[in-house]
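Undergrad: The structure under discussion is supplied below as C-alpha coordinates; questions concerning it will follow.
The values are calculated or read from the model by the stated rules, or taken from the named source; none is laboratory data. All values reported here derive from a predicted model rather than from experimental measurement. Here Cβ is always computed from backbone atoms with ideal geometry, including for glycine, and neighbour counts include all displayed protein chains.
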(Lines give C-alpha, C1' and ligand atoms only; values in the text may rest on other atoms or scores of the structure.)
Protein backbone atom coordinates (compact mmCIF):
# COMPACT_ATOMS: atom_id res chain seq x y z
CA UNK A 1 0.00 0.00 0.00
CA UNK A 2 1.02 3.63 -0.26
CA UNK A 3 2.97 4.79 2.75
CA UNK A 4 0.51 7.65 3.13
CA UNK A 5 -2.67 8.68 1.36
CA UNK A 6 -2.15 12.35 2.24
CA UNK A 7 -2.52 14.34 -0.96
CA UNK A 8 -4.15 11.41 -2.77
CA UNK A 9 -7.61 12.26 -4.10
CA UNK A 10 -8.93 8.71 -4.29
CA UNK A 11 -12.33 9.71 -5.68
CA UNK A 12 -10.70 11.85 -8.36
CA UNK A 13 -8.30 9.04 -9.22
CA UNK A 14 -11.16 6.56 -9.57
CA UNK A 15 -13.03 8.91 -11.91
CA UNK A 16 -9.90 9.50 -14.02
CA UNK A 17 -9.19 5.76 -14.14
CA UNK A 18 -12.71 4.91 -15.27
CA UNK A 19 -12.47 7.61 -17.95
CA UNK A 20 -9.30 5.95 -19.27
CA UNK A 21 -10.92 2.50 -19.14
CA UNK A 22 -13.87 3.75 -21.20
CA UNK A 23 -11.41 4.78 -23.93
CA UNK A 24 -10.20 1.21 -24.53
CA UNK A 25 -12.99 -1.01 -23.21
CA UNK A 26 -14.64 -1.57 -26.60
CA UNK A 27 -11.46 -2.39 -28.55
CA UNK A 28 -11.48 -5.88 -30.07
CA UNK A 29 -7.77 -6.83 -29.93
CA UNK A 30 -5.05 -6.48 -27.28
CA UNK A 31 -2.99 -4.30 -29.63
CA UNK A 32 -5.89 -1.92 -30.31
CA UNK A 33 -6.75 -1.82 -26.64
CA UNK A 34 -3.16 -0.97 -25.77
CA UNK A 35 -2.99 1.85 -28.30
CA UNK A 36 -6.19 3.44 -26.97
CA UNK A 37 -4.94 3.05 -23.40
CA UNK A 38 -1.66 4.73 -24.31
CA UNK A 39 -3.41 7.60 -26.09
CA UNK A 40 -5.35 8.32 -22.90
CA UNK A 41 -2.27 7.87 -20.68
CA UNK A 42 -0.16 10.17 -22.86
CA UNK A 43 -2.42 13.06 -21.87
CA UNK A 44 -0.97 12.85 -18.35
CA UNK A 45 2.67 12.48 -19.36
CA UNK A 46 3.18 8.90 -20.60
CA UNK A 47 5.78 8.64 -23.39
CA UNK A 48 5.96 4.85 -23.69
CA UNK A 49 3.89 1.79 -22.84
CA UNK A 50 4.12 -1.99 -22.78
CA UNK A 51 1.91 -4.92 -21.73
CA UNK A 52 3.77 -8.23 -21.47
CA UNK A 53 3.68 -11.71 -19.96
CA UNK A 54 6.60 -13.61 -18.41
CA UNK A 55 7.16 -17.16 -17.23
CA UNK A 56 8.34 -18.16 -13.75
CA UNK A 57 12.01 -17.43 -14.50
CA UNK A 58 11.40 -14.09 -16.20
CA UNK A 59 11.50 -15.25 -19.82
CA UNK A 60 9.04 -13.66 -22.25
CA UNK A 61 6.10 -15.76 -23.38
CA UNK A 62 5.21 -15.91 -27.07
CA UNK A 63 1.80 -14.45 -27.92
CA UNK A 64 -0.06 -13.46 -31.04
CA UNK A 65 1.43 -9.96 -30.73
CA UNK A 66 5.06 -11.06 -30.61
CA UNK A 67 7.60 -12.35 -28.14
CA UNK A 68 5.99 -11.74 -24.77
CA UNK A 69 4.12 -8.65 -25.91
CA UNK A 70 0.37 -8.18 -25.80
CA UNK A 71 0.68 -4.53 -26.85
CA UNK A 72 3.27 -1.76 -26.91
CA UNK A 73 3.87 1.88 -27.83
CA UNK A 74 7.60 2.61 -27.86
CA UNK A 75 9.26 6.05 -27.60
CA UNK A 76 10.51 7.53 -30.86
CA UNK A 77 13.81 5.99 -31.96
CA UNK A 78 13.63 3.11 -29.47
CA UNK A 79 13.87 0.22 -31.93
CA UNK A 80 17.22 1.24 -33.43
CA UNK A 81 18.87 2.72 -30.33
CA UNK A 82 21.71 1.01 -28.48
CA UNK A 83 20.47 2.67 -25.28
CA UNK A 84 17.19 0.79 -25.63
CA UNK A 85 19.01 -2.55 -25.88
CA UNK A 86 20.92 -1.66 -22.72
CA UNK A 87 17.72 -0.78 -20.85
CA UNK A 88 16.05 -4.01 -21.94
CA UNK A 89 19.08 -6.09 -20.91
CA UNK A 90 18.83 -4.78 -17.33
CA UNK A 91 15.02 -4.72 -16.88
CA UNK A 92 14.87 -4.44 -13.07
CA UNK A 93 11.07 -4.59 -12.91
CA UNK A 94 10.28 -8.36 -12.67
CA UNK A 95 12.68 -9.00 -9.76
CA UNK A 96 11.53 -5.78 -8.08
CA UNK A 97 7.95 -7.07 -7.90
CA UNK A 98 9.23 -10.04 -5.89
CA UNK A 99 11.66 -7.99 -3.78
CA UNK A 100 9.18 -5.23 -2.92
CA UNK A 101 6.42 -7.82 -2.31
CA UNK A 102 3.85 -5.73 -4.13
CA UNK A 103 2.61 -5.58 -7.66
CA UNK A 104 2.45 -1.81 -8.16
CA UNK A 105 5.43 0.52 -7.90
CA UNK A 106 7.44 3.25 -9.61
CA UNK A 107 10.49 2.44 -11.70
CA UNK A 108 12.52 4.63 -9.34
CA UNK A 109 11.51 2.29 -6.51
CA UNK A 110 12.72 -0.72 -8.49
CA UNK A 111 16.02 0.97 -9.40
CA UNK A 112 16.70 3.87 -7.00
CA UNK A 113 18.32 6.83 -8.74
CA UNK A 114 20.59 7.45 -5.75
CA UNK A 115 22.24 4.03 -6.14
CA UNK A 116 25.37 4.17 -8.26
CA UNK A 117 24.71 0.89 -10.07
CA UNK A 118 21.61 2.38 -11.70
CA UNK A 119 23.24 5.57 -13.02
CA UNK A 120 23.78 4.13 -16.50
CA UNK A 121 20.22 2.84 -16.59
CA UNK A 122 18.74 6.27 -15.84
CA UNK A 123 21.14 7.99 -18.25
CA UNK A 124 19.94 5.64 -20.99
CA UNK A 125 16.28 6.31 -20.15
CA UNK A 126 16.97 10.05 -20.24
CA UNK A 127 17.92 9.73 -23.92
CA UNK A 128 14.23 9.07 -24.57
CA UNK A 129 12.96 11.77 -22.21
CA UNK A 130 11.97 9.21 -19.58
CA UNK A 131 12.28 10.39 -15.97
CA UNK A 132 10.29 7.65 -14.23
CA UNK A 133 7.56 5.11 -14.86
CA UNK A 134 4.84 2.98 -13.32
CA UNK A 135 4.74 -0.82 -13.22
CA UNK A 136 1.70 -2.97 -12.47
CA UNK A 137 2.17 -6.74 -12.13
CA UNK A 138 -0.34 -9.57 -11.75
CA UNK A 139 0.58 -13.15 -10.83
CA UNK A 140 -1.23 -15.81 -12.83
CA UNK A 141 -1.48 -19.59 -12.77
CA UNK A 142 1.60 -21.64 -13.59
CA UNK A 143 4.06 -19.05 -12.35
CA UNK A 144 3.22 -16.62 -15.15
CA UNK A 145 3.38 -12.88 -14.47
CA UNK A 146 1.64 -10.26 -16.61
CA UNK A 147 2.55 -6.59 -16.39
CA UNK A 148 1.78 -3.13 -17.73
CA UNK A 149 4.49 -0.49 -17.71
CA UNK A 150 4.21 3.21 -18.50
CA UNK A 151 7.24 5.42 -19.16
CA UNK A 152 6.75 8.96 -17.84
CA UNK A 153 8.25 12.28 -18.90
CA UNK A 154 7.73 13.69 -15.39
CA UNK A 155 9.26 12.31 -12.20
CA UNK A 156 6.86 14.38 -10.10
CA UNK A 157 3.55 13.06 -11.44
CA UNK A 158 0.58 14.34 -9.37
CA UNK A 159 -0.48 11.61 -6.91
CA UNK A 160 -4.03 11.48 -8.25
CA UNK A 161 -2.80 10.99 -11.82
CA UNK A 162 -0.39 8.27 -10.72
CA UNK A 163 -3.14 6.38 -8.91
CA UNK A 164 -5.47 6.73 -11.91
CA UNK A 165 -2.82 5.32 -14.27
CA UNK A 166 -2.13 2.40 -11.95
CA UNK A 167 -5.82 1.56 -11.55
CA UNK A 168 -6.37 1.80 -15.31
CA UNK A 169 -3.31 -0.43 -15.86
CA UNK A 170 -4.89 -3.10 -13.65
CA UNK A 171 -8.08 -2.82 -15.70
CA UNK A 172 -6.15 -3.10 -18.97
CA UNK A 173 -4.40 -6.28 -17.82
CA UNK A 174 -7.71 -7.77 -16.73
CA UNK A 175 -9.30 -6.98 -20.09
CA UNK A 176 -6.39 -8.32 -22.15
CA UNK A 177 -6.14 -11.52 -20.12
CA UNK A 178 -9.89 -12.05 -20.38
CA UNK A 179 -9.70 -11.47 -24.13
CA UNK A 180 -6.96 -14.06 -24.59
CA UNK A 181 -8.71 -16.66 -22.39
CA UNK A 182 -11.21 -19.23 -23.75
CA UNK A 183 -14.64 -17.70 -24.39
CA UNK A 184 -17.51 -18.35 -21.98
CA UNK A 185 -20.90 -16.82 -21.19
CA UNK A 186 -20.82 -17.62 -17.47
CA UNK A 187 -20.75 -14.96 -14.76
CA UNK A 188 -17.36 -16.31 -13.74
CA UNK A 189 -16.03 -15.49 -17.19
CA UNK A 190 -17.54 -11.99 -17.21
CA UNK A 191 -15.43 -10.95 -14.23
CA UNK A 192 -11.66 -10.96 -13.98
CA UNK A 193 -9.91 -13.13 -11.42
CA UNK A 194 -9.16 -10.12 -9.22
CA UNK A 195 -12.76 -8.93 -9.38
CA UNK A 196 -13.97 -12.38 -8.30
CA UNK A 197 -11.37 -12.50 -5.52
CA UNK A 198 -12.45 -9.12 -4.15
CA UNK A 199 -16.14 -10.03 -4.22
CA UNK A 200 -15.42 -13.40 -2.62
CA UNK A 201 -13.82 -11.68 0.36
CA UNK A 202 -16.58 -9.05 0.38
CA UNK A 203 -19.05 -11.94 0.70
CA UNK A 204 -17.22 -12.91 3.90
CA UNK A 205 -17.89 -9.45 5.32
CA UNK A 206 -14.40 -8.00 4.79
CA UNK A 207 -14.03 -4.30 4.04
CA UNK A 208 -11.72 -2.82 1.38
CA UNK A 209 -8.73 -2.53 3.72
CA UNK A 210 -9.08 -6.12 4.93
CA UNK A 211 -9.45 -7.40 1.37
CA UNK A 212 -6.39 -5.39 0.34
CA UNK A 213 -4.34 -7.07 3.07
CA UNK A 214 -5.48 -10.51 1.92
CA UNK A 215 -4.61 -9.85 -1.74
CA UNK A 216 -1.54 -7.65 -1.21
CA UNK A 217 -3.23 -4.74 -3.00
CA UNK A 218 -3.99 -1.13 -2.15
CA UNK A 219 -7.37 -0.22 -0.63
CA UNK A 220 -8.11 1.95 -3.66
CA UNK A 221 -7.35 -0.92 -6.05
CA UNK A 222 -9.81 -3.20 -4.24
CA UNK A 223 -12.47 -0.48 -4.40
CA UNK A 224 -11.77 -0.04 -8.12
CA UNK A 225 -12.14 -3.78 -8.82
CA UNK A 226 -15.44 -3.98 -6.96
CA UNK A 227 -16.77 -0.92 -8.80
CA UNK A 228 -15.77 -2.51 -12.12
CA UNK A 229 -17.50 -5.76 -11.13
CA UNK A 230 -20.69 -3.88 -10.26
CA UNK A 231 -20.66 -2.18 -13.66
CA UNK A 232 -20.14 -5.46 -15.50
CA UNK A 233 -22.91 -7.16 -13.54
CA UNK A 234 -25.16 -4.08 -13.92
CA UNK A 235 -25.89 -3.77 -10.20
CA UNK A 236 -25.72 -0.82 -7.82
CA UNK A 237 -24.36 -2.36 -4.62
CA UNK A 238 -21.66 -4.88 -3.74
CA UNK A 239 -24.30 -6.94 -1.95
CA UNK A 240 -26.17 -7.31 -5.24
CA UNK A 241 -22.91 -8.26 -6.98
CA UNK A 242 -22.18 -10.91 -4.35
CA UNK A 243 -25.73 -12.24 -4.72
CA UNK A 244 -25.24 -12.65 -8.49
CA UNK A 245 -22.03 -14.60 -7.95
CA UNK A 246 -23.81 -16.85 -5.47
CA UNK A 247 -26.69 -17.39 -7.89
CA UNK A 248 -24.23 -18.20 -10.66
CA UNK A 249 -22.46 -20.77 -8.50
CA UNK A 250 -19.20 -18.81 -8.40
CA UNK A 251 -19.23 -18.45 -4.59
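Undergrad: Looking for something assigned to a helix (DSSP H, G or I), crowded, with 22+ Cβ neighbours inside 10 Å and at pLDDT 90 or above - is there at least one such residue anywhere in region 149-156? Lay out the reasoning, then the answer.
TA: Step one: of region 149-156, the residues assigned to a helix (DSSP H, G or I) are none.
No, region 149-156 has no match at all.
Undergrad: Can you tell me which residues in region 198-222 are surrounded by fewer than 20 Cβ atoms within 10 Å (Cβ to Cβ), in contact (Cβ under 8 Å) with a residue 24 or more places away in the chain and part of a helix (DSSP H, G or I)?
TA: 200, 203, 219
Undergrad: Can you go through 126, 84, 146 and tell me which one is crowded, with 16+ Cβ neighbours inside 10 Å, outside the structural domain of residue 221 (by TED's automatic domain parsing) and over 23 Å from residue 217 (Cβ atoms)? Even if it seems obvious, please write down each step before you answer.
TA: On the way: 126 fails: crowded, with 16+ Cβ neighbours inside 10 Å; 146 fails: over 23 Å from residue 217 (Cβ atoms).
Just one listed residue meets the conditions, 84.
Undergrad: A further question on this structure: Residues to consider are 108, 89; find the one that is in contact with a strand residue (DSSP E or B) (Cβ under 9 Å, 6 or more places away or on another chain) and in a helix (DSSP H, G or I).
TA: Numbers: 89 fails: in contact with a strand residue (DSSP E or B) (Cβ under 9 Å, 6 or more places away or on another chain).
When all the criteria are applied, what remains is 108.
Undergrad: Being modelled with pLDDT of 90 or more, under 13 Å from the mean Cα position of the chain (by Cα) and not in a loop (DSSP other than H, G, I, E, B) narrows it down to one residue among 84, 124, 135, 97; which is it?
TA: Numbers: 84 fails: under 13 Å from the mean Cα position of the chain (by Cα); 124 fails: under 13 Å from the mean Cα position of the chain (by Cα); 97 fails: modelled with pLDDT of 90 or more.
Exactly one residue qualifies, and that residue is 135.
Undergrad: Just to verify a result, which residue in region 227-251, among those that are surrounded by fewer than 20 Cβ atoms within 10 Å (Cβ to Cβ) and within 20 Å of residue 165 (Cβ to Cβ), is modelled with the lowest pLDDT?
TA: Result: 231.
Undergrad: Same structure again: Would you be able to tell me the number of residues in region 19-32 that are over 20 Å from residue 163 (Cα atoms) and in a helix (DSSP H, G or I)?
TA: Residues of region 19-32 over 20 Å from residue 163 (Cα atoms): 26-32.
Among the residues that remain, those that are also in a helix (DSSP H, G or I) are: 30-32.
Qualifying residue count, region 19-32: 3.
Undergrad: At pLDDT below 85 and over 23 Å from residue 106 (Cβ atoms) - does that describe any residue in region 34-55? So that I can check it myself, show each step before the final result.
TA: Step one: of region 34-55, the residues at pLDDT below 85 are 52-55.
If we keep only those that are over 23 Å from residue 106 (Cβ atoms) too, we end up with 55.
Checking region 34-55: at least one residue is at pLDDT below 85 and over 23 Å from residue 106 (Cβ atoms).
Undergrad: Looking at 172, 191, 167, can you tell me which residue is touching a helix residue (DSSP H, G or I) at 6+ places or on another chain (Cβ under 7 Å), crowded, with 16+ Cβ neighbours inside 10 Å, modelled with pLDDT of 80 or more and not assigned by TED's automatic domain parsing to the domain that holds residue 81? Break it down stepwise before answering.
TA: On the way: 172 fails: not assigned by TED's automatic domain parsing to the domain that holds residue 81; 167 fails: not assigned by TED's automatic domain parsing to the domain that holds residue 81.
That would be 191, the only listed residue that is touching a helix residue (DSSP H, G or I) at 6+ places or on another chain (Cβ under 7 Å), crowded, with 16+ Cβ neighbours inside 10 Å, modelled with pLDDT of 80 or more and not assigned by TED's automatic domain parsing to the domain that holds residue 81.
Undergrad: Output the residue which, of all residues in region 80-117 that are in contact with a helix residue (DSSP H, G or I) (Cβ under 9 Å, 6 or more places away or on another chain) and in contact (Cβ under 8 Å) with a residue 60 or more places away in the chain, is farthest from residue 167 (Cα to Cα).
TA: By that ranking, first place goes to 103.
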